[in-house]
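Rule-based calculations on the coordinates, nothing more; no lab input. Predicted, not measured: the structure shown is a model, and the values here were computed from it. Counting neighbours? That spans all protein chains shown, and the Cβs are built from the backbone with ideal geometry, glycine included.
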Amino acid sequence: MLTAPDEHFNHQVAFPHALVGSSDPSWRERYWVSMQDTRDGSTVLTLGFGQYPNQDVQEAFVSLTHRGHQRNLRLSRRLTPRRDVMRVGPLSCDIVEPYRRLRFALADNPSEMSFDIDWLGRFDPFLEERHFETAGPRVTHDLVRYVQVGRAEGELRVDGERITLSPDDWWGERDHSWGVRPLPRSEGAPPTERPDWRFLLFMPVQFEDFGMHLYLFEDADGTPTHLSCGLMGESVSGARVLRVSHDLEFEHGAPTPTLVGGSIDVTLLGGRILHVDVTALSGRAHLRGGGYGGIDGWFQGHWKGEDSLVHDTWDLSDRAQLKHWGANSSDHAVQVACEGQHGFGVAEYMVLGGHQRYGHVRR
C-alpha cells in the first residue's frame, strides 16, 4: 500500500511507509504534550497521539485538570487509509514548522473541552540514547525518543469558560518516541513479568536560558536500570551528564504517591554540579485518564473500532477514587530553581513497593 509520505525521500527500510521494520504488534509512534498555567500552577493540559501500524490503530487523548476536576477524552480510529495525518475525531495536530511550531486543535465535542493552541519550541530537542530492554526471551523496549520544552499560545475553552494562553504564563513539554514498548496484556497472552525497576522519574523542565530532561528507572536498592539525562540550549551546549542523584519528599498518607518537593543533583563531565530545587505545585493531570495502564476497558494500542470517543469527568477531591486514578503516574506541575534561575516543568513518577528509599509512600 502506498500512502502520501511515500512520495518523499524519507524511507528508512525497504518497505512503503504503511509497513514498519518490525512485526511486533506493540510497535508504536507517539506524541505526548503537556502545558501548564504557571501563574498559580493549578491548571494542567496534557494530550497525546499514538499510532500502531501493526494494529491498524491511531488513537489520541486529552486530559485537563482545572478547578478541582479532571476532564478526559479518549479517541481511537482505524489508521488505514489516513496514515499521513494526525487526526482522531475532533482532535488534530498540524506540524507548522518542525521543532518550532505545532498546532493542536480540539473541535466541539461532548467532553465540554475545546481549544486551538500553538505549541512553540524554545530550544532544539534532546535526543535520548536508544532504550533497549528485555524480559526473559522477549524484547520489551527498543525505541528512541526526543524531548523538547517550549511555550503555548492560543485559547482553551472548558464549560463555557474561555482561557487565553500566553507564552509568558503557559509553559510546556513534549516528547516524540517510536519503537517497541509493551502493550497492555490482552486475553490469551502469556503472563507479564514483574519489572526490574521499582522507581520511575520522567522530568522535563526549563529555566530562563536552558532546559533539562531526566528519565530514570531504579531497582529496589536505587541502582539505575535506565538513565537518560540531557540539557538543551546554547548556554549548555556540549555539556554531558555523568550521573544523577536525588532527594525527594512525598506526602505522608496520600491515596497515591504525591510529590511534595526535594532536590536533584546533575553532575556534568568535568565536575560541575547542577543543583536543582524542586517544588510540586497543585496542578496534576493523572495519565490514567488518557488510557495509560488501561481504564474501564480502554487500553492503549487495542482495536476499538472504526471510530471511538469516550469521555468522563473526575472530582479530584474524591480521595477514595484517587488511588485508582493515580495508579499510572501523572503530569505533576513543578517549580524549579537552579543557579539563580527559576523555571517550571512536570514530573511524572511511579513508586512501586520494595523501593528501599521511597517505597514507604505506598499504602
Taking Asp331, Asp118, Asp94 and counting other beta carbon atoms within 10 angstrom, the fewest-first order is Asp94, Asp118, Asp331
Can you classify segment 53-114 as rounded, prolate or oblate using the Cα gyration tensor, where a ≥ b ≥ c are the square roots of its eigenvalues, rounded means a/c under 1.5, and otherwise it's prolate if a/b beats b/c and oblate if not? oblate
Label points 7 Å out from Cα along the Cβ direction at Arg78 and Val139: separation in nm? 3.0 nm
Output row, site Glu129, 7 Å Cα→C-beta label point, backbone N cut-off 18 Å, window segment 233-256, residues 238-245
Heads up, segment 155-277 by the C-alpha gyration tensor (a ≥ b ≥ c square roots of eigenvalues; a/c under 1.5 rounded, else a/b over b/c prolate, else oblate) looks oblate
Would you mind ranking Leu2, Leu183, Leu201 so that the residue whose beta carbon has the fewest other beta carbons within 10 Å leads the list? Leu2, Leu183, Leu201
Kirkwood hydrodynamic radius of segment 221-273, Cα pairs, Å: 13.4 Å
Extended-chain gain in nm, criterion 0.36 nm per residue less alpha-carbon gap, Asp315 and Leu269: 11.9 nm
Quote the relative contact order of segment 286-363 in percent (integer), defining contacts as alpha-carbon pairs under 8 Å separated by 6+ residues. 25 percent
Relative contact order %, the chain, counting alpha carbon pairs below 8 Å whose residues are six or more apart: 18 percent
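Taking Cα pairs under 8 Å and at least six residues apart, what relative contact order does segment 1-148 come out at, in percent?
12 percent
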For the chain, what is Rg from Cα atoms divided by 2.2 N^0.38 Å, rounded to two decimals? 0.96
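Which value in deg cm²/dmol, rounded to the nearest 500, describes the helix-derived mean residue ellipticity at 222 nm for the chain, given -39,500 (n - 2.57) per DSSP H run of n ≥ 4 and division by the residue count?
Taking each H run of at least 4 residues, the total per residue is -500 deg cm²/dmol.
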When all Cα-Cα pair distances of segment 1-53 are considered, the percent exceeding 16 Å is 61 percent
In what sequence do Arg74, Arg194 fall when counting other Cβ within 10 Å, fewest first? Arg194, Arg74
Cα gyration tensor shape for segment 30-78, rounded if a/c is under 1.5, else prolate or oblate: oblate
Take the chain, mark every one of the GluC sites (Glu not before Pro) that falls in a DSSP loop and has at most 15 other Cβ within 10 Å, then report the longest stretch left between them, sites excluded. 1-128
